[in-house]
């Protein structure tokens, strides 16, 4: 009898216990960001040498440099390609900035000319929830030439630092 009473009491407690109900509620919100577009020199594209090799004084033919590629990584989706120009200064000159550029300089007493092709665009990929995406890449090929018949100057610098600048 005690057991039966105990069981009935337990059953009554279960029947009259407060019920727990689950429910959900939602709130909407917006995400926002202001993106500042930017370009940077791609790793490994900086500090290369545009080499003219060996120039013999009064050479009978022009000497061409081995071309180099300089890559710039940029925010995806620029409306227009960046413009490009070489630096200027002592023994350095450049054409106005444009899709291509030319430059001149003097190194070891030898005049040289530079040219850069328009930046070839490799489109990047957009970010997804699984990947951060990739930037647009602009590749510029820089070439150079030294005219024939130059004497040169012994004992002066045989290197000259140059800069290729893009404006976006």
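Points worth noting:
- Counting residues in segment 55-64 that are modelled with pLDDT of 95 or more and within 23 Å of residue 120 (Cα to Cα) gives one or more.
- Qualifying residue in segment 17-37 (condition: surrounded by 10 or more Cβ atoms within 10 Å (Cβ to Cβ), at pLDDT below 95 and closer than 30 Å to residue 141 by Cβ): yes
- Failed condition for residue 166, given (1) under 21 Å from residue 40 (Cα atoms); (2) in contact (Cβ under 8 Å) with a residue 12 or more places away in the chain; (3) in a loop (DSSP other than H, G, I, E, B): (3)
- Of all residues making up segment 99-154, the number that are surrounded by fewer than 12 Cβ atoms within 10 Å (Cβ to Cβ) and either within 19 Å of the chain's Cα centre (by Cα) or without any contact (Cβ under 8 Å) to a residue 60 or more places away in the chain (or both): 10
- Being under 22 Å from the mean Cα position of the chain (by Cα) and either touching a residue at least 60 places away in the same chain (Cβ under 8 Å) or closer than 30 Å to residue 34 by Cβ (or both) is a property that residue 77 has.
The values are calculated or read from the model by the stated rules, or taken from the named source; none is laboratory data. A quick note: this is a predicted structure, and the numbers were derived from the prediction, not measured. Cβ coordinates were reconstructed from backbone atoms using ideal geometry, including for glycine residues, and neighbour counts include every protein chain displayed.
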